[in-house]
Amino acid sequence: PSSVTPVSEDFLELCRIYVGMARAQEVSLPDEFCKLAEDKFVEARQADPSVDQDTLSRWITVTRLLAASYGQSEVTAERWQQMLSMEASRSARSASA
């Protein structure tokens with residue numbers, strides 16, 4: 001049986017503030033990022049025909065959410081690489097399932 005560790009009200013309030021701030025954060029897509037995303041999408045699609053517009057949309061959405069979670073107002077190459085790493089892990093898990 002697993003046990004649940006209780007958390008303090010102060011911690012919960014900090015989490016609520018963090019989520020609220022991340023949700024309110026507007027994140028833009030600079031031209032450099034758009035070019036990077038486009039190039040990676042074309043490369044990925046050539047390697048795997050199952051990569052489609054939905055894949056690109058998911059990648060951009062996750063990258064924007066990561067940037068927002070870091071309080072960034074623009075998507076960066078670092079967040080893009082972080083998303084690609086997460087995507088590789090997700091794909092590996094779903095392939096082994």
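Before moving on, here are some points about what is shown:
- Less than 5 angstrom separates the built amide H of Glu74 from those of Ser28, all sequence-distant by 5 or more or on a different chain.
- With a Förster radius of 25 Å applied to the beta-carbon distance between Ser85 and Asp10, the computed FRET efficiency rounds to 0.20.
- In terms of its alpha-carbon gyration tensor, the stretch 1-42 comes out oblate; a/c meets the 1.5 threshold, while b/c is at least as large as a/b.
- Relative contact order %, the chain, counting alpha carbon pairs below 8 Å whose residues are six or more apart: 32
- Local electrostatic count, Ala95, Cβ distance below 15 Å [Lys/Arg +1, Asp/Glu -1]: 0
- For the chain, the square roots of the Cα gyration tensor eigenvalues, ordered a ≥ b ≥ c, give a/c of at least 1.5 with a/b no greater than b/c, which places it in the oblate category.
- Radius 14 Å from Cβ of Ile17, net charge of other residues (Lys, Arg +1; Asp, Glu -1): -1
Read-outs throughout are calculated quantities, based only on the coordinates presented, and are distinct from any laboratory measurement. A quick note: this is a predicted structure, and the numbers were derived from the prediction, not measured. A quick note on method: Cβ atoms are made from the backbone with ideal geometry, for glycine too, and the neighbour counts reach across all protein chains shown.
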